[in-house]
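A.B. asks: The structure that follows is given in the form of structure tokens.
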Amino acid sequence: MTTAFALDEAQERFCAEVREQAAQRLLPLAHGDDPALGERVNRPLLEEMGRLGLLARLFPDGGRSAAALDLCLLRESLAQVSTEAETALALQGLGFYPVVQSGTEAQRARWLPEVASGRAVAAFALSEPGAGSDAAALALEAKPEDAGSGGGWRLSGEKCWISNAPEADLYTVFARTGPGAGARGVSAFLVPADRPGLSGEPLDMISPHPIGRLVFDGVPVGPEDLLGEVGGGFRVAMRTLDLFRPSVGAFAVGMAQAALDATVAHAGAREAFGGALRELQSVGHRLAEMATRIEAARLLVYAAAAAYDRGAEATGLHGPSGRAAMAKLFATEAAQYVVDSAVQLHGARALQRGHLLERLYREVRAPRIYEGASEVQLSIIARELYR
């Protein structure tokens, strides 16, 4: 019987198959040691994931969203082999899931085959220079058109720190259509990249995947571009993040597991002070701590995903929001500890450009910030305690 705490044989087999596909078919397409290439969308990698059917797993049965536990297993397995492949897949899901959950049949018919095949790149455009963790503070304005224009809007403002920008082919964009403060008055739109008035530029970040800035200079959108209801955009965003937050934890678990595996091998082979490095008690204890934090994080992630998939009605810490916050918080913080410890135990070699741990060290920092920083997750957990 499958529970939140144990995988069945089919799930274990699925994870092994994903790792094998990633090693044989995806890792050779990754950008490797060239940071400049990592600033561009890796379209050959995405298209190969499309051919392997990995992207389609995000949207099974003609456009339904993936089960949260399946998404977590997919992201954890990919992250153990190729963080670039994992991130490319996750960004496709994050960018297109609002269309799956709230879009029209016409929107899905137009874009789902392109996104699932890897031919079109999707992006989730929520953050702004003044609205990062405080997503309700967004200021991108959707100004209504004249009455004779068919009820559309013009988008004016800026988005920042948007993954896959400015190279994506379509953006899920959140803008303020009403005067209400906070979450009120926010609407979501599907905006193709070729709309007039939309421009952008890449940002120079340490994270080895493309991140950029978008500028909206009167970008036209109409009722046919709306995702959900006018004023319902914040719900669209939060429903997307409720699904993806546990899987960010899964990404972190995959990175941490890769770091631990490398360190166990290194400590067993490295000679120091008259014996194998692993024979030093301080090293053995550090490895044990790393392994324990990884397993605790993995169990929290699986429990959060299972709660989401059950559609649990519970509130508080046993509800989907509380569990998702705890899973993302603990897993990302644990991964930071594990990767840092792995670098320490490897020594200077881990800081050489191109080393597995050098890449993981750059990659592991960002998940503690995006999709709700650790401090935001603590606030959610504290709020859920009093429900």
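A.B. asks: Give the residue that is modelled with the lowest pLDDT, with candidates limited to residues of the stretch 26-54 that are part of a helix (DSSP H, G or I) and surrounded by fewer than 17 Cβ atoms within 10 Å (Cβ to Cβ).
C.D. replies: Residue satisfying both the conditions and the ranking: Leu37.
A.B. asks: Regarding the stretch 284-292, can at least one residue be identified that is in contact with a helix residue (DSSP H, G or I) (Cβ under 9 Å, 6 or more places away or on another chain), under 26 Å from Thr87 (Cβ atoms), modelled with pLDDT of 95 or more and in the same structural domain as Ala366 (by TED's automatic domain parsing)?
C.D. replies: Looking for residues that are in contact with a helix residue (DSSP H, G or I) (Cβ under 9 Å, 6 or more places away or on another chain), under 26 Å from Thr87 (Cβ atoms), modelled with pLDDT of 95 or more and in the same structural domain as Ala366 (by TED's automatic domain parsing), one finds at least one in the stretch 284-292, hence yes.
A.B. asks: Let me ask something else. Among the residues of the stretch 342-387, write down those that are in contact (Cβ under 8 Å) with a residue 60 or more places away in the chain, part of a helix (DSSP H, G or I), surrounded by fewer than 17 Cβ atoms within 10 Å (Cβ to Cβ) and charged (D, E, K, R).
C.D. replies: Matches in the stretch 342-387: Glu375 only.
A.B. asks: So, one more: Looking at the stretch 252-260, is at least one residue β-branched (Val, Ile, Thr), at pLDDT 95 or above and over 18 Å from Lys159 (Cα atoms)?
C.D. replies: Initially, the stretch 252-260 is screened for residues β-branched (Val, Ile, Thr), giving 253.
The next check asks that each one be at pLDDT 95 or above; those that pass are 253.
Checking which are over 18 Å from Lys159 (Cα atoms) leaves us with 253.
So far as the stretch 252-260 goes, yes, one or more of its residues are β-branched (Val, Ile, Thr), at pLDDT 95 or above and over 18 Å from Lys159 (Cα atoms).
A.B. asks: Consider Leu226 carefully, then state whether it is under 30 Å from Ala79 (Cα atoms) and among the aliphatic types (A, V, I, L, M). Give the steps one after another, and end with the answer.
C.D. replies: Values: under 30 Å from Ala79 (Cα atoms): no; among the aliphatic types (A, V, I, L, M): yes.
Here the answer is no, as Leu226 does not meet what is asked.
A.B. asks: Just one of Leu385, Leu378 is over 25 Å from Leu91 (Cβ atoms), more than 21 Å from the chain's Cα centre (by Cα) and hydrophobic (A, V, I, L, M, F, W, C); which is it?
C.D. replies: Leu385
A.B. asks: Only one of Arg298, Arg310 is modelled with pLDDT of 95 or more and basic (Lys, Arg). Can you tell me which?
C.D. replies: Details: Arg310 fails: modelled with pLDDT of 95 or more.
Only one candidate passes the filter, namely Arg298.
A.B. asks: Only one of these conditions is not met by Ala265: (1) farther than 26 Å from Met326 by Cα; (2) surrounded by 23 or more Cβ atoms within 10 Å (Cβ to Cβ); (3) in the same structural domain as Arg359 (by TED's automatic domain parsing). Which number is it?
C.D. replies: Against the list (1) farther than 26 Å from Met326 by Cα; (2) surrounded by 23 or more Cβ atoms within 10 Å (Cβ to Cβ); (3) in the same structural domain as Arg359 (by TED's automatic domain parsing), Ala265 comes up short only on (2).
A.B. asks: With the requirement that a residue be assigned to a helix (DSSP H, G or I), surrounded by fewer than 16 Cβ atoms within 10 Å (Cβ to Cβ) and without any contact (Cβ under 8 Å) to a residue 60 or more places away in the chain, what does the stretch 297-336 give you?
C.D. replies: Matches in the stretch 297-336: Arg310, His318.
A.B. asks: Restricting attention to the stretch 246-285, report how many residues are farther than 19 Å from Glu358 by Cα and touching a residue at least 24 places away in the same chain (Cβ under 8 Å).
C.D. replies: So the answer is 7.
A.B. asks: Let me ask something else about it. Could you tell me whether the stretch 14-21 includes any residue that is modelled with pLDDT of 95 or more, closer than 21 Å to Leu243 by Cα and of a type outside the set (Phe, Trp, Tyr)?
C.D. replies: Checked the stretch 14-21: at least one residue is modelled with pLDDT of 95 or more, closer than 21 Å to Leu243 by Cα and of a type outside the set (Phe, Trp, Tyr).
The values are calculated or read from the model by the stated rules, or taken from the named source; none is laboratory data. Because the structure is a prediction, the values reported are computed rather than measured. Ideal geometry is used to build each Cβ from the backbone, glycine not excepted, and the neighbour counts take in all protein chains shown.
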